[in-house]
1. Can you run down the residue pairs with Cβ atoms below 7 Å, 6 or more apart or on separate chains, where the first is in segment 130-141 and at negative phi and of a type outside the set (Lys, Arg) and the partner is surrounded by 13 or more Cβ atoms within 10 Å (Cβ to Cβ) and at pLDDT below 80?
2. Read through the list (1) touching a helix residue (DSSP H, G or I) at 6+ places or on another chain (Cβ under 8 Å); (2) surrounded by 15 or more Cβ atoms within 10 Å (Cβ to Cβ), then give the number of the only condition that LEU174 fails.
3. Being under 29 Å from VAL13 (Cα atoms), open to solvent by less than 50 Å² (accessible area, probe 1.4 Å) and not β-branched (Val, Ile, Thr), is that true of even one residue in segment 90-113?
4. If the Cβ limit is 8 Å and pairs must be 6+ apart or interchain, which residue in segment 6-20 that is modelled with pLDDT of 75 or more pairs with which residue that is assigned to a helix (DSSP H, G or I) and aromatic (Phe, Trp, Tyr)?
5. Only one of these is under 29 Å from GLY109 (Cα atoms) and open to solvent by less than 40 Å² (accessible area, probe 1.4 Å): LEU19, LEU75, LEU80, LEU87. Name it.
6. Taking the criterion of being among the aromatic types (Phe, Trp, Tyr), farther than 21 Å from ARG24 by Cα, surrounded by 11 or more Cβ atoms within 10 Å (Cβ to Cβ) and in contact (Cβ under 8 Å) with a residue 24 or more places away in the chain, would at least one residue in segment 53-60 satisfy it?
7. Restricting attention to segment 239-260, which residues are open to solvent by 30 Å² or more (accessible area, probe 1.4 Å), more than 19 Å from the chain's Cα centre (by Cα) and of a type outside the set (A, V, I, L, M)?
8. Can you name the helices (runs of 4 or more DSSP H) wholly within segment 97-194 that have at least 1 residues being farther than 25 Å from PRO253 by Cα and at pLDDT below 90?
Amino acid sequence: QMDDLRRAQLARVSPVSFLFDQPRMVAGFPVAVLGAGVLAFGREWRAYRLVGWTGIVAFVSLILLRGKSYYAGPLYPVLLGAGAVMLERVGKPLWGGAVRWGLVGLMIGYLALLFPLGLPLLRPGTMERYLAAIGLQSTAGTNIGVRERIPQDYADMLNWKEQVAEVARVYNGLPQEDRERAVILASNYGEAGAIDFYGEGYGLPPARAFVGTYWFFGPGELPGDVRVLHGFSEDDFSNSCETLDPAGYITHPFAVAEQRDLTIFVCRGPSQTLQEVWPSLEGEN
């Protein structure tokens with residue numbers, strides 16, 4: 001799985017960026033480090049030693065395999081819990097209420113500053129200005145080395161309903177004979193997932209895609225004599241269709257690059273049926 005991701009998404013992810021992103025992602029990162037240490041090495045924590053080492057091994061594995069920063073997220077609840085208990089035991093005799101509440105206030109302030117980066121509380125334009133104001137435009141970098149206007153996780157939430165509405169307009173605008181044999185083919189799992197999620201309300205059939213685990217669902221029963229192509233470029237099918245006509249267009253200024261300007265094509269008379277070509281498409285993305 002990581003090998004597939006490395007070829008498609010993780011080529012520009014570095015161990016250094018992974019490490020630097022952890023405190024930015026988790027306000028209590030030092031507490032989690034303390035938790036991992038006491039769970040793995042603390043005498044009083046022997047019963048939980050496997051938990052500590054599991055966290056450490058998983059974290060180091062993600063560094064070596066060049067995982068994305070948030071892949072480490074599930075490790076933190078238990079490590080933060082153990083670190084907080086240890087911090088309370090050691091620190092209680094050493095500091096008073098002012099220090100304790102000062103640390104709590106500092107953590108809350110840090111969380112408040114970064115909160116819009118974790119949840120889409122701000123409108124896209126406001127988010128772009130907020131990143132500039134706090135000097136964190138670097139968080140808008142993508143896993144392919146491109147800097148977007150807003151963070152990729154936020155940008156990836158945009159434009160899906162509009163995409164499906166436009167696909168439905170193209171599909172439902174086909175002549176009845178074409179619509180009965182048409183297959184909707186998406187270029188990635190986001191587009192296919194959006195069609196499957198919202199498409200029922202528009203009377204759309206399930207999307208087909210030869211990417212990721214979508215490939216295992218197969219091409220379906222229809223040969224794909226007529227294909228509604230979503231997310232592809234004209235060059236992808238120019239040599240394999242008798243006719244290839246642009247039939248729809250979607251854009252969004254804050255969407256990620258690959259979803260920002262999309263043309264929907266209708267392919268008629270492909271040189272091979274989907275059933276014939278499907279086995280050769282395994283692992284395309």
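1. These pairs meet every condition: LEU131/THR139; LEU131/ALA140.
2. All conditions are met except number (1).
3. Yes, the conditions are met somewhere in segment 90-113.
4. none
5. Matching residue, one of LEU19, LEU75, LEU80, LEU87: LEU75.
6. Looking for residues that are among the aromatic types (Phe, Trp, Tyr), farther than 21 Å from ARG24 by Cα, surrounded by 11 or more Cβ atoms within 10 Å (Cβ to Cβ) and in contact (Cβ under 8 Å) with a residue 24 or more places away in the chain, one finds none in segment 53-60, hence no.
7. Those that are open to solvent by 30 Å² or more (accessible area, probe 1.4 Å), more than 19 Å from the chain's Cα centre (by Cα) and of a type outside the set (A, V, I, L, M): ASN239, SER240, GLU242, THR243, ASP245, PRO246, TYR249, THR251.
8. Here the list reads 97-118.
The values are calculated or read from the model by the stated rules, or taken from the named source; none is laboratory data. From a predicted model like this one, the values you see are computed outputs, not experimental measurements. Note that we place each Cβ from the backbone using ideal geometry, even for glycine, and neighbour counts take in every protein chain shown. Surface areas here come from the heavy atoms of the whole protein model, side chains and all, with no ligands, DNA or RNA. Shrake-Rupley method; radii C 1.70, N 1.55, O 1.52, S 1.80 Å.
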